[in-house]
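Peer 1: This is the structure, below, for whatever I ask next.
The values are calculated or read from the model by the stated rules, or taken from the named source; none is laboratory data. This is a predicted model, so every value here is computed, not measured. Cβ sites come from the backbone with ideal geometry, for glycine too, and all protein chains shown count toward neighbours.
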Amino acid sequence: MQITVRHALREELPRVNELRRQVNELHVEGRPDIFRPGFCEELRQHVVELFDHPESSAVIVALVDGVVAGFASVQYVHRPQSPYNNPQDLYHVQEFGVDAAFRRRGVATALVDFMRADARERGFARIDLDAWAFNEGALAFYRRAGFRPYRWYFEMNTEEESPCAPSM
């Protein structure tokens with residue numbers, strides 16, 4: 001099995017969208033209250049927009065024996081200084097996925113290795129991404145790959161009783 005990772009070619013974007021659809025379905029299943037079912041035209045076009053702006057984003061593919069088995073879409077983020085934060089340059093992984101048929105074969109690791117080298121080449125000191133709490137497989141992989149959490153988001157359902165409320 002030969003894994004090759006590189007920037008995508010335009011003719012590979014339909015296959016990338018097939019993989020993005022798998023990722024979207026996983027999100028819809030995990031949080032149907034947030035994610036819309038289906039894979040509308042606007043979602044399909046998003047990867048084309050990223051591809052068409054190489055100065056600010058990229059689409060990366062991992063091929064297994066010539067078949068697109070995984071992908072990442074990345075954005076090159078340059079945040080100016082603010083009253084709260086220092087300026088930041090981030091290699092932001094917006095989407096990441098491996099075809100279910102190719103998981104646990106080193107495809108995701110090869111993608112991360114490529115992104116690390118690509119980020120370094122472009123002058124980025126760090127790569128960041130976010131993942132949903134329900135996606136335990138992705139969270140475990142990201143930790144194994146060397147990612148560490150640096151910020152947490154919390155939510156509370158306003159219809160549930162507070163666990164801090166005094167009992168009567």
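Peer 1: Any idea how many residues of segment 53-73 are in a strand (DSSP E or B) and either within 16 Å of Glu18 (Cα to Cα) or touching a residue at least 40 places away in the same chain (Cβ under 8 Å) (or both)?
Peer 2: Of the residues in segment 53-73, 14 are in a strand (DSSP E or B) and either within 16 Å of Glu18 (Cα to Cα) or touching a residue at least 40 places away in the same chain (Cβ under 8 Å) (or both).
Peer 1: Please tell me if Val74 is at pLDDT 95 or above, among the β-branched types (Val, Ile, Thr) and over 24 Å from Arg31 (Cβ atoms).
Peer 2: no
Peer 1: Considering only segment 29-52, state which residues are in a helix (DSSP H, G or I) and within 26 Å of Leu63 (Cα to Cα).
Peer 2: Of everything in segment 29-52, those that are in a helix (DSSP H, G or I) and within 26 Å of Leu63 (Cα to Cα) turn out to be Glu41, Glu42, Leu43, Arg44, Gln45, His46, Val47, Val48, Glu49, Leu50, Phe51.
Peer 1: Which condition number does Arg104 fail, the rest of (1) assigned to a loop (DSSP other than H, G, I, E, B); (2) among the basic types (Lys, Arg); (3) modelled with pLDDT of 95 or more being met?
Peer 2: Single failed check for Arg104: (3).
Peer 1: Then there is this: For segment 85-97, state whether one or more residues are charged (D, E, K, R), within 29 Å of Glu29 (Cβ to Cβ) and either more than 14 Å from the chain's Cα centre (by Cα) or modelled with pLDDT of 95 or more (or both).
Peer 2: Within segment 85-97, one or more residues are charged (D, E, K, R), within 29 Å of Glu29 (Cβ to Cβ) and either more than 14 Å from the chain's Cα centre (by Cα) or modelled with pLDDT of 95 or more (or both).
Peer 1: Condition first: part of a loop (DSSP other than H, G, I, E, B), charged (D, E, K, R) and on the phi < 0 side of the Ramachandran plot. Can you find one or more residues in segment 74-97 that meet it?
Peer 2: Scanning segment 74-97, I find no residue that is part of a loop (DSSP other than H, G, I, E, B), charged (D, E, K, R) and on the phi < 0 side of the Ramachandran plot, so the answer is no.
Peer 1: Looking only at segment 123-168, filter to residues that are surrounded by fewer than 15 Cβ atoms within 10 Å (Cβ to Cβ), among the small types (Gly, Ala, Ser) and not in a helix (DSSP H, G or I); which one of those is farthest from the chain's Cα centre (by Cα)?
Peer 2: Once the filter is applied, the top-ranked residue is Ser167.
Peer 1: Check off (1) more than 17 Å from Gly70 (Cα to Cα); (2) more than 17 Å from the chain's Cα centre (by Cα); (3) charged (D, E, K, R); (4) not in a helix (DSSP H, G or I) for Arg120 and give me the number that stays unchecked.
Peer 2: The number of the failed condition is (4).
Peer 1: Could I ask something else about it? Of the numbered conditions (1) out of contact with any helix residue (DSSP H, G or I) (no Cβ under 6 Å at 6 or more places or on another chain); (2) surrounded by 15 or more Cβ atoms within 10 Å (Cβ to Cβ); (3) small (Gly, Ala, Ser); (4) under 24 Å from Asp52 (Cα atoms), Ala117 satisfies every one except a single condition; which is it?
Peer 2: (2)
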